[in-house]
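Contents: one structure, followed by commentary.
We did not get these values from a lab; they are worked out from the coordinates using the rules stated. Since the structure is predicted, the reported quantities are computational estimates derived from the model, not experimental observations. Every residue, glycine among them, receives a Cβ derived from its backbone with ideal geometry; neighbour counts consider all protein chains shown.
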């Protein structure tokens, strides 16, 4: 007895389309989960206080902008003052990291000195050191010289190249630059400072842009360090100002806090969207060099 078999054609496109569809669905679900808290906060910022925790709908029944008005002028100072304080701290941290980290990276990548590899390894090891370990000694030091309740502890250490991540990022970029440029500059009479300033620094644009972007985002969102060193409410930055809406002994102003939280996201989002291409370019051209 013979058996007849029929072959069923299988579309290769259909086989490959299923995993791709599953991946897209998973990405969409993940995106919804990630963006839901932001949408809920935006919705709560335009709801009356009595509806924020009683109405689970993302569409407010009674739309109001009173939360934004109360949040902007409801604290001791207008909320714009706290934005200016944050921008001042971010600007100082950016300048400090650009100057300090680029100079340290140039020394590690180009200069020859004793125990260079050892010092570089120790510098890289500090990435694994939790900030809480050095918190008390640093606070005792800054308090002894009268720097607490000022922006100096948040800015001055950046000038001393304390951010190991950015040093490593820039070192990797400099190692990819041809040494013939240094040799040509030496023939023209440039020493190490001249080579750094005239040759290396202009070519570090992608790495420096990446350093600028991440420094701004990390400093702007920093709450812990600013909470430790700042006690005068007139010096508070945006993260500290948002905490003023929460009262442990009375009623918390949730609506104004959510409204100012929405506004506080705007500088970071604008900064990231404008420089997104440069972030990718800086990481791809710096972090993968050997």
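Highest-first packing order for the peptide set 164-176, 256-268, 27-39, 119-131 is 164-176, 256-268, 119-131, 27-39, based on the mean count of other beta carbon atoms within 10 Å. Look at the alpha carbon pairs under 8 Å that are at least 6 residues apart: their mean separation over the length of the chain gives a relative contact order of 29 percent. Estimated from helical segments only, the mean residue ellipticity of the chain at 222 nm is -21000 deg cm²/dmol, where each DSSP H run of four or more residues counts as -39500 (n - 2.57).
The equivalent ellipsoid that matches the C-alpha gyration tensor of the chain spans semi-axes of 41, 38, 17 angstrom, in descending order.
How far is the Cα center of the stretch 25-42 from the Cα center of the stretch 205-272, in Å? For the stretch 25-42 versus the stretch 205-272, the Cα centre distance is 22 Å. The fewest-to-most ranking of 54, 215 by surrounding Cβ atoms within 10 Å reads 54, 215. Computed over all pairs of different Cα atoms, the Kirkwood value for the hydrodynamic radius of the stretch 14-69 is 13.4 Å. Fewest-first ordering of 79, 275 by other beta carbons within 10 Å of each residue's beta carbon gives 275, 79. Counting neighbouring Cβ atoms within 10 Å and putting the fewest first, the residues 225, 233, 44 line up as 233, 225, 44.
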